[in-house]
Amino acid sequence: MPIKVVKFGGSSLADAEHFKQVAQIIRSDPARRYVVPSAPGKRIKEDTKVTDMLYRCYELIRAREPREAIDRLYGQITDRYNGIIAELGLSFDLSGELEYVKNAMLHASGRDYAASRGEYLNALILAKYLKFDFIDAENIIYFKDDGTLDEEKTNDAVAAELSQHTHAVIPGFYGVMPNGTIKTFSRGGSDITGSIVARAAKADLYENWTDVSGFMMADPRIVKDPCIIQEITYRELRELSYMGATVLHEDAVFPVRTAGIPINIRNTNRPDDPGTMIVAHPSGFDTEKVITGIAGKKGFSVLTIEKDMMNSEIGFGRKVLEVFEENGISFEHLPSGIDTMSVVVATSALEGRRDRLMQSVARMVRPDSVFIEDGLALVAVVGRGMIKAKGTAARVCDALARADINIRMIDQGSSELNIIVGVSEDEYEDAVNAIYGEFVK
Ligand code: ASP
């Protein structure tokens, strides 16, 4: 019998109505046997996620704010859970758990413990509602002393535990440290838990249910109604995520990728939409589709070094990069000419280090000139289709030229999976639209 691990994000479990939709989705496919929930998210735009309320509560306690303020906030958290239970018509008393969590928070159980309770409490309710077993992530997800996931120990523990349950709910977002304290992943980390569970369950599919119908080809705040990507490879996804496209936590890819399990991004509010499939190997080669997606970011700077006869000076590049290394700055790109070398970095990484960096470069390589320009945006055009299509870079350049946008940098990875162009920040949105318009008719 096939197994699907299904993870539901916070907006999919924000209130009782959403719990009902989620239950319907789970019941409509018997393969959906292991469920990983997030904490209740926003019901409306102005709402606060339960995770954020828990962080806030922790801060109030730590700052020794008056007890009334803490009680008031914790009361709001309690109301959210009790409201869901009441509206679902469950005869389930969560008050003992809620009281326990509050006491633990008051007795310095830590920031991660506080945040993790959002998922823990939500999973208890969901398990009751679905009549599935509850498995506490604390007993199966292990971190190492350095705070990274203990992958093998976790995989063995999750697999052993799942073999005892045909149907179970496992709270997302947290696990346990070797000393027994609770630790969470970074924000959005329930995606990682889902991926871990999918790997251990040897699932056929990892479904990640959220509030959009998949990965969009471009940022909808920039391009009007962008198309949904039907199928994307893990590598393409990594390129797009790195450049700022987000639907899935970046670290959620690794466990399932190793195991060759595809991820399907789905929309809880539109369960009939097929969503986006993230796969290791695409099912077919669609020659029409040269590009899979466009992503980008503002906030980059370029440090340019000019020196006559640079090309014949052995070790020049190494010395420049050593300066960046010594200053703890990672670089994004290294476009170079015969007598110039440019290093593209995030502007934020230069904060407080500009002068030292310029001086070190001057000392190490004695350039004719060195200067920093800010205000660069990078646009990544990503697609496995580029490998076979000729003229993709020309089309990107042409589209930008027609939109009267100057290209300040261009870089094509030799894997031919992406082309990165650097444009002025104030032309970023126009650049994305121009490229989108060129490739998506
Ligand atoms: N609830 C956590 C957060 O808001 C984790 C998650 O939703 O995946 O970041």
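Here residue 42 is the anchor, and the aspartates and glutamates within straight C-alpha reach of less than 20 Å, apart from those fewer than 8 places off in the same chain, are 15, 17, 52, 79, 87, 119, 191, 211.
Per residue, the convex hull spanned by the Cα atoms of the stretch 150-247 measures out at 138 cubic angstrom. With only the Cα atoms considered, the stretch 45-101 has a convex hull volume of 91 Å³ per residue.
Grab the DSSP H runs of the chain that are 4 residues or longer, score each as -39,500 (n - 2.57), total them, divide by all residues and round the 222 nm result to the nearest 500 deg cm²/dmol.
Working: 13 runs with 164 residues, N = 441.
Only helices count here, giving -11500 deg cm²/dmol.
Considering only 245, 412, 316, whose Cα is most displaced toward the positive end of the charge dipole of the chain, charges sitting on Cβ of Lys, Arg (+1) and Asp, Glu (-1)? Of the listed residues, the answer is 245.
Run the paramagnetic zone check for residue 153: 7 angstrom along Cα to Cβ, then residues of the stretch 115-142 with backbone nitrogen under 15 Å. Residues passing the 15 Å test: 138-142. In plain terms, the C-alpha convex hull of the stretch 16-76 casts an average shadow of 5.5 nm² when viewed from every direction.
Using the Cα centre as the reference, give the magnitude of the dipole from point charges on the C-beta atoms of the stretch 133-187 (Lys, Arg: +1; Asp, Glu: -1; all else neutral), rounded to the nearest 20 debye. Working shown, then result.
Working: 4 positive and 10 negative charges, 43 e Å.
Roughly 200 debye for the stretch 133-187.
Within 10 Å, count the other beta carbons around each residue, average over each peptide in 130-143, 150-163, 96-109, and list them highest first. Don't jump to the answer; show the numbers that get you there.
Numbers: 130-143: 19.2, 150-163: 16.9, 96-109: 14.6.
Most protected by this proxy first, the peptides run 130-143, 150-163, 96-109.
Here the spin labels are modelled as points 7 Å beyond Cα on the Cα-Cβ line, and at residue 23 and residue 87 they lie 1.3 nm apart.
Placing a pseudo-label 7 Å from each Cα along the Cα-to-Cβ vector at residue 46 and residue 306 gives an inter-label distance of 5.5 nm. Positive-end ranking of 301, 282, 359 along the dipole of the stretch 267-405, with charges on Cβ about the Cα centre, is headed by 282. When the chain is modelled as a GNM with alpha-carbon springs shorter than 10 Å, which of 192, 77, 294 fluctuates the most? Taking springs between Cα atoms under 10 Å, the residue moving most is 77.
Which whole-number percent is the relative contact order of the chain (Cα, under 8 Å, 6+ apart)? The partial results should precede the final answer.
Values: 847 pairs, mean separation 58.1, N = 441.
It rounds to 13 percent for the chain.
Subtracting the Cα-Cα distance of residue 144 and residue 181 from 0.36 nm times their residue separation leaves 12.2 nm of extension gain. Considering only alpha-carbon pairs that sit under 8 angstrom and 6 or more positions apart, the relative contact order computed for the stretch 146-276 is 28 percent.
Multiplying the residue separation of residue 390 and residue 354 by 0.36 nm and removing their Cα-Cα distance gives an extension gain of 8.9 nm.
Computed as a quarter of the hull surface, the mean projected area of the alpha carbon convex hull for the chain stands at 24.7 nm².
So which of 390/441; 49/144; 20/153; 7/131; 224/441; 202/388 end up more than 23 Å apart, counting from Cα to Cα? Before the final figure, lay out each step's value.
Working: 390/441 18 Å; 49/144 28 Å; 20/153 35 Å; 7/131 17 Å; 224/441 13 Å; 202/388 34 Å.
Violating the 23 Å limit, Cα to Cα: 49/144; 20/153; 202/388.
The stretch between residue 100 and residue 430, if pulled fully straight at 0.36 nm per residue, gains 113.5 nm over its current Cα-Cα span. Counting only alpha carbon atoms, the long axis of helix 16-27 and the longest principal axis of the chain meet at about 90°.
FYI, it's all coordinate maths here, none of it is from the lab. Bear in mind that the values here come from a model prediction, so they are computed numbers and not experimental data. Every residue, glycine among them, receives a Cβ derived from its backbone with ideal geometry; neighbour counts consider all protein chains shown.
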